[in-house]
1. Residue farthest toward the positive end of the dipole of the chain, with Cβ of Lys/Arg at +1 and Asp/Glu at -1: which of T21, A186, Q276?
2. Can you give the net charge of the other residues whose Cβ lies under 11 Å from the Cβ of W166, counting K and R as +1 and D and E as -1?
3. Express in whole angstrom the spacing between the alpha-carbon centres of segment 236-265 and segment 65-105.
4. Please compute the contact order of segment 40-284 in relative form: average sequence separation of alpha-carbon pairs under 8 Å and at least six residues apart, divided by the residue count, as a percent.
5. When the distances between all Cα atoms of segment 202-243 are binned every 10 Å from zero, what whole-number percent does each bin get?
6. Given axes a ≥ b ≥ c from the Cα gyration tensor, I'd like to know whether the chain is rounded (a/c under 1.5), prolate (a/b larger than b/c) or oblate.
7. Going highest first, how would you order 21-32, 265-276, 99-110 by mean Cβ packing within 10 Å?
8. Most mobile of T158, T259, T48 per a Gaussian network model of the chain (Cα springs, under 10 Å)?
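Computed from the coordinates by the stated procedures, all read-outs in this text should not be read as laboratory data. A quick note: this is a predicted structure, and the numbers were derived from the prediction, not measured. No Cβ is skipped: glycine too gets one built from the backbone with ideal geometry, and neighbour counts run over all protein chains shown.
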Amino acid sequence: MASSVRKSPRRKKSLTLTILTALMALYTLVPLAWLVINSTKTQDGLFTSFGLWFDDGHFALFDNIKQTLTYDDGIFLRWLGNTLLYVVVGAGGATFLAALAGYGLAKFDFPGRKGVFATVIGAVAVPGTALAVPQFLMFAKLGLTDTPWAVIIPSLVTPFGLYLMWTFSAQAVPDDILEAARVDGAGEFRTFFRISVPLLAPGIVTVLLFSIVATWNNYFLPLIMLKDPDWYPLTIGLNAWNAQSATAGGQAVFNLVVTGSLLTILPLLAAFLLLQRYWQSGLAAGSVKE
């Protein structure tokens, strides 16, 4: 009896966690299932069939993909290329700068270091949308609006990534290793790239993933910075397709919007799957103290 009494609170806790996990799984997977299912439907099928089941007799996934890639002279592929440009230059540059600056702040002592720390913490608390209008006014004076630089340059600054790399560098890179490298005559940049970067790999991959997702899903900044559809990212382009049904003489292409949204998330899934093993192996490295 005593044993069963002792186990009952644990069982209740386990049941609660199971229920919460199931609810979170439903919350995450149901929208994805809706997207996959409805990308197989025609324009009419979206409104004549149940949202979470396939349209009987019509499987239009491949037709929808073909139309999405060729609609309006293949503008979707141009938007995809723009998004990849913003991610590679913006997110890649943001990750590199965050790693370099975070390492410098963690391993070098200089006047004003505490002030920089306070500034970074304050910047983390400021939402990006609050800075969009001041950034637009600044880029308008510089004549950079409606250009890719108006999206790329703000993406290079990631306060959260800088803070993450700062704290991670302080723990992951032992000072003794840096001192030994300096005694052997290695310069600071060589020490960073040859010794510190491998140790910082888990943090770098984490910041890279966050930056990729943030840049890929960026909506408000390109919305106010860009007017030329040829420079739209996928987020703005798909919204333009979705809104054209409400314009005079506009054509409703909801099936292409749904299919385009499905195609949009595939590169993000691929990025997580490709980087996951580096992430996990990096997190495990150094877990055993010799």
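1. Checking the options against the dipole of the chain, the answer is T21.
2. +2
3. Between the Cα centres of segment 236-265 and segment 65-105 lies a distance of 20 Å.
4. 30
5. 27, 43, 21, 8, 0
6. Oblate is the answer for the chain, as a/c is 1.5 or above yet b/c matches or exceeds a/b.
7. Packing order, densest peptide first, comes out as 99-110, 265-276, 21-32.
8. The residue with the greatest mean-square fluctuation here is T48.
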